[in-house]
Amino acid sequence: MNRIYITFILFLITFSTIAQPFVRLPEQLNDDRFAEWIGPAAVVETGVFYFRKAFDLVKKPEKFVVHVSADNRYRLFVNGEKVSFGPAIGDIQLWNYETVDLAPHLKAGRNIVAAQVWNLGPYRGVRQITVQTAFILQGESEQSQLINTNDTWKVKKDTGYYFLHLDYSTVGGGYIAGATDSLIAKAHPWGWETLRFDDTSWDFAKKIGKGNHSGLDTWKGTPWFLQASPILPLEQKKEKTPALLSVHGVAFEPDQYNGQLDVTIPPNQKAEMLFDNRVLTMGFPYLVVSGGKGSKIKIQYQEALFNENGQKDNRDDWRGKTMKGYYDIWMPDGEQRIFVPLWIRVFRYVKITVETGSEALNIHDFYNLFTAYPLQQNARFESGKNDLKRIWDTSWRTVRLCALETYMDCPYYEQIQYIGDTRIQSLISLYVDGDDRMMKNAIRQFNNSMQPMGLTKSSHPNNSTQIIPPFSLIYINMLHDYHMHRSDSAFIRNFIPGMKFILSWFINRIDETGMLGPLPYWNHIDGGTLFTDGSPPGITEGNSAHMSILLAYTLDHAVELLEFYDDPCDVDIYRERSETLKKSTIEMCFDNDRGLLAETPDKNQFSQHTQSMAILADMFDQKQAKLVAQTMMEDTTLIQATLYFRFYLFQALDKAGLGDLMLDNLDNWKFFLEKGFTTFPEHGLHSRSDCHAWSAHPMYDFLSITCGIKPSGIGFETVLISPQLGNLARTEASMPHPLGTIEVRYEQSERNLDAWITLPKGLTGTFKYLDQRIPIQSGEQKITIKK
């Protein structure tokens, strides 16, 4: 069996300040003071390694700034204290480093800087890209360059770590997030990060090559193109110990448990303890033990337990159910130790299984160090409806657990930044937090995934190449989203060539009918539907109405971008192709009897998906768009949109003037709450993933559709407020804007709508309700509309 090594750490993790730009000039590559990437003496692809450098200081410095990175991961320690963790995940062309000031941790006299570096090699998660195991630390000043990585550093491989390779049956679903950990404590060099540790038997590190960054000749340096990490350091906070549900094999009853786990498992005994965190969480679980030499500890983690049919049902139910899921293995050495995995674990339920040898094992504590991107809830939505509040709160937890160093589709099974999910996550970030760093980071990474034929990968960073052509188009629409919400021309201009490259791939596949012909690869639109593998009809044979409309919708957004950026070369071509696609699709696929667009010219299948996309692409006038929207919501014979695509369905209702219906179509989300979900899932009750980013879009919908807050000018320089409140009598909301906070409050009766609107200084716009449009200004104003 392939086994993975695990991480133990004896103190809480702290993080560096935000990485600052660090410019490396080309001529520095020949400077002897410039840092080297270093690695083990013998090239080893996988393992856990420790790097150390002792040095002397005449006095404690006021500043001692360094920039640090590794392939694949590192933890940096100074005099036994953890000071940094990374690098934030990227690819070879965008390899991140963190910047940290070591001065607070240094002292006059002898000091030690040490790093734990690990690489899972073939057992790494799909998101993890690697060249070889390596580490680099570059001082910013002449003084801090004293500890630049080179062959004076010492290195040692940890022989206590092994990889645990996981499969579908073990984990309970398709799993690609990487191996978990196994540690033999007696083989681990405890204290390796402290000054007192004796490293005289360790090897000297091997120099791999000078640090490199984008713009330099790679043959002069190394393949990792270094850049300052563009995102914030991760948030970490200690959570309460999970609730204890059941105990077997030890004289300790759940009703004795008061939140402090302190239990002894006798010699030659097998014991099991099942915990429930009550809500799904993510982070680094800590297990504090002593004694137990010769014992084996297995900690297993899952989002939900499985019934006798191998399925999940009500997430609160645990009696009579079994645990599947990834796990870590710890083998104590008899001393007091703290075991912590190398990478995050995601769980609601945890099962700890202990098999002791001749010595009793004492478990003193078990808790989680919650770890996620530090998104803040700077928006609010209040309606007086408890079910809507629960949907808002549960969506927020879903968002939090799907954002780490990148956005992630799901934190447990994949941890991949997919374009389809990321567009939704980015809008939620802009509306609820106001932070655009993760969105910009994703845009850069997706652009960097461009393949030679003209499409992006479906997700990135990713060490494999999966192509989903619709996601390349969604990436362009994500560029347009950023263009509408942020005034940042210098950033967007960088991605115009890639946008054209993608569109040329699609335009070349428009056939003589004026619609898209056959399309290769996996053309996923919406999973969990009657679509085969999530792809709409007409992909293999050609003339897919949905894909033809999605291309037209994207071309229209591309025209807006090109006109704004004064790049007229392709504007006429894009506009003509869009008009042709729309006209041909209407002529070939519109069914006059049903008043709907069919999926293909044979008019055998109809879906909510294609009607939604046609409305968004302005293929109907306002009156017809409203009729199509009404029909697609009433006709249950249509292929129904699932959680993901209801984002586009709700946007289409909004555009057609039926946004009120969004509040009447949240039954799926309410159902999940009834079934004990604490985050929203990938598809349905028996979903593989209990936490999937795309299902959190009601947060955005409440603010943009119900409360009607949208940009009406490029860069959100003006605002349109067009509420569609359904039957809500009183609603309040606020959201961050680059100029400040937008606040709205609505009270409605059968006769009137009263609206109180506050805009930050410098922001103006329009209030729209029914057929009335009223200018609004900075500051507070009240508007009354008679219905």
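Here are the numbers:
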item	result
Pair list, Cβ < 6 Å and 6+ apart or interchain, from region 696-710 residues that are over 13 Å from GLU743 (Cα atoms) to residues that are of a type in the set (D, E, K, R) and at pLDDT 95 or above	ILE705/ASP654
Among (1) at pLDDT below 80; (2) of a type outside the set (Val, Ile, Thr); (3) surrounded by fewer than 21 Cβ atoms within 10 Å (Cβ to Cβ); (4) part of a loop (DSSP other than H, G, I, E, B) - the single one ALA41 does not satisfy	(1)
Single residue of region 317-376 satisfying the filter (β-branched (Val, Ile, Thr) and not in a strand (DSSP E or B)) that is nearest to PRO285 (Cα to Cα)	VAL340
Enumeration of residues in region 325-380 that are touching a Lys or Arg at 6+ places or on another chain (Cβ under 6 Å) and within 17 Å of LYS296 (Cβ to Cβ)	TYR327, ILE329, MET331, ASP333, GLY334, THR353, GLU355, GLU359
Strands (runs of 3 or more DSSP E) enclosed by region 48-124 - at least 1 residues per element that are in contact (Cβ under 8 Å) with a residue 12 or more places away in the chain and touching a helix residue (DSSP H, G or I) at 6+ places or on another chain (Cβ under 6 Å)	65-71, 73-78, 81-86, 109-119
Members of region 661-676 found to be touching a Ser or Thr at 6+ places or on another chain (Cβ under 7 Å) and within 14 Å of ASP690 (Cβ to Cβ), listed by number	LEU673
Qualifying position, being outside any strand (DSSP E or B) and in contact (Cβ under 8 Å) with a residue 60 or more places away in the chain, among ASN258, ASN314, ASN309, ASN277	ASN314
Condition check for LYS603: over 30 Å from ARG493 (Cβ atoms), basic (Lys, Arg), free of Cβ contacts under 8 Å to residues at least 60 places away in the same chain and exposed (fewer than 14 other Cβ atoms within 10 Å of the Cβ)	no
Verdict on LYS389 being out of contact with any strand residue (DSSP E or B) (no Cβ under 6 Å at 6 or more places or on another chain), over 30 Å from VAL171 (Cβ atoms) and free of Cβ contacts under 8 Å to residues at least 24 places away in the same chain	yes
Selection from region 132-157 of residues that are among the small types (Gly, Ala, Ser) and open to solvent by less than 40 Å² (accessible area, probe 1.4 Å)	ALA134, GLY139, SER144
Residue ID - nearest to the chain's Cα centre (by Cα), chosen from residues in region 672-711 that are open to solvent by 10 Å² or more (accessible area, probe 1.4 Å) and closer than 16 Å to TYR431 by Cβ	TRP694
Flag if MET632 is open to solvent by less than 20 Å² (accessible area, probe 1.4 Å) and within 26 Å of the chain's Cα centre (by Cα)	no
Exclusive hit being under 28 Å from the mean Cα position of the chain (by Cα) and within 27 Å of TRP343 (Cβ to Cβ), set LEU102, LEU76	LEU76
Whichever residue in region 202-219 is at pLDDT 75 or above, out of contact with any Lys or Arg (no Cβ under 8 Å at 6 or more places or on another chain) and open to solvent by 80 Å² or more (accessible area, probe 1.4 Å) and, among such residues, is farthest from HIS67 (Cα to Cα)	LYS206
The lone exception for TYR431 - which of (1) under 28 Å from GLY125 (Cβ atoms); (2) open to solvent by less than 10 Å² (accessible area, probe 1.4 Å) it fails	(1)
Which listed residue is surrounded by 20 or more Cβ atoms within 10 Å (Cβ to Cβ), in contact (Cβ under 8 Å) with a residue 24 or more places away in the chain and not in a strand (DSSP E or B), from GLY174, GLY178	GLY178
Single match in ASP328, ASP333 (criterion: at negative phi and out of contact with any Asp or Glu (no Cβ under 7 Å at 6 or more places or on another chain))	ASP333
Residues located in region 158-168, provided they are among the hydroxyl-bearing types (Ser, Thr, Tyr) and crowded, with 19+ Cβ neighbours inside 10 Å	TYR161, TYR162
Output for region 181-196, where each listed residue is under 30 Å from PHE34 (Cα atoms) and either free of Cβ contacts under 8 Å to residues at least 40 places away in the same chain or outside any loop (DSSP other than H, G, I, E, B) (or both)	GLY191, ARG196
Pair list, Cβ under 9 Å, 6 or more apart: region 500-524 residue at positive phi, other residue among the β-branched types (Val, Ile, Thr) and not in a helix (DSSP H, G or I)	TYR521/ILE467; TYR521/ILE468
Number of the exception - TRP118 against (1) surrounded by 24 or more Cβ atoms within 10 Å (Cβ to Cβ); (2) more than 30 Å from GLY174 (Cα to Cα); (3) aromatic (Phe, Trp, Tyr)	(2)
Filtered residues of region 636-653 (kept if assigned to a helix (DSSP H, G or I) and either more than 27 Å from the chain's Cα centre (by Cα) or surrounded by fewer than 19 Cβ atoms within 10 Å (Cβ to Cβ) (or both))	LEU653
Qualifying position, being farther than 25 Å from TYR257 by Cβ, touching a Phe, Trp or Tyr at 6+ places or on another chain (Cβ under 9 Å) and open to solvent by 70 Å² or more (accessible area, probe 1.4 Å), among ARG390, ARG400	ARG390
Complete set of residues in region 549-594 that are assigned to a helix (DSSP H, G or I), over 22 Å from THR610 (Cα atoms), of a type outside the set (Val, Ile, Thr) and open to solvent by 20 Å² or more (accessible area, probe 1.4 Å)	GLU560, GLU563, PHE564, PRO568, CYS569, ASP570, ASP572
Within region 667-699, considering residues that are among the polar types (S, T, N, Q) and assigned to a loop (DSSP other than H, G, I, E, B), the one nearest to ILE474 (Cα to Cα)	SER689
Residues that are open to solvent by less than 50 Å² (accessible area, probe 1.4 Å) and basic (Lys, Arg), drawn from region 44-70	ARG52, LYS53
Any hit, region 7-21, residues being open to solvent by less than 30 Å² (accessible area, probe 1.4 Å), modelled with pLDDT under 70, within 24 Å of TRP202 (Cα to Cα) and among the aromatic types (Phe, Trp, Tyr)	yes
So THR406, is it polar (S, T, N, Q) and under 24 Å from LYS324 (Cβ atoms)	no
Residues of region 451-461 classified as over 21 Å from TYR97 (Cβ atoms) and surrounded by 19 or more Cβ atoms within 10 Å (Cβ to Cβ), total	5
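The values are calculated or read from the model by the stated rules, or taken from the named source; none is laboratory data. All of these numbers come straight from a predicted model, not from anything done at the bench. Neighbour counts run over all protein chains shown; Cβ positions are idealised from the backbone, glycine included. We work out accessible area using only protein heavy atoms, side chains counted, and drop any ligands, DNA or RNA first. Shrake-Rupley method; radii C 1.70, N 1.55, O 1.52, S 1.80 Å.
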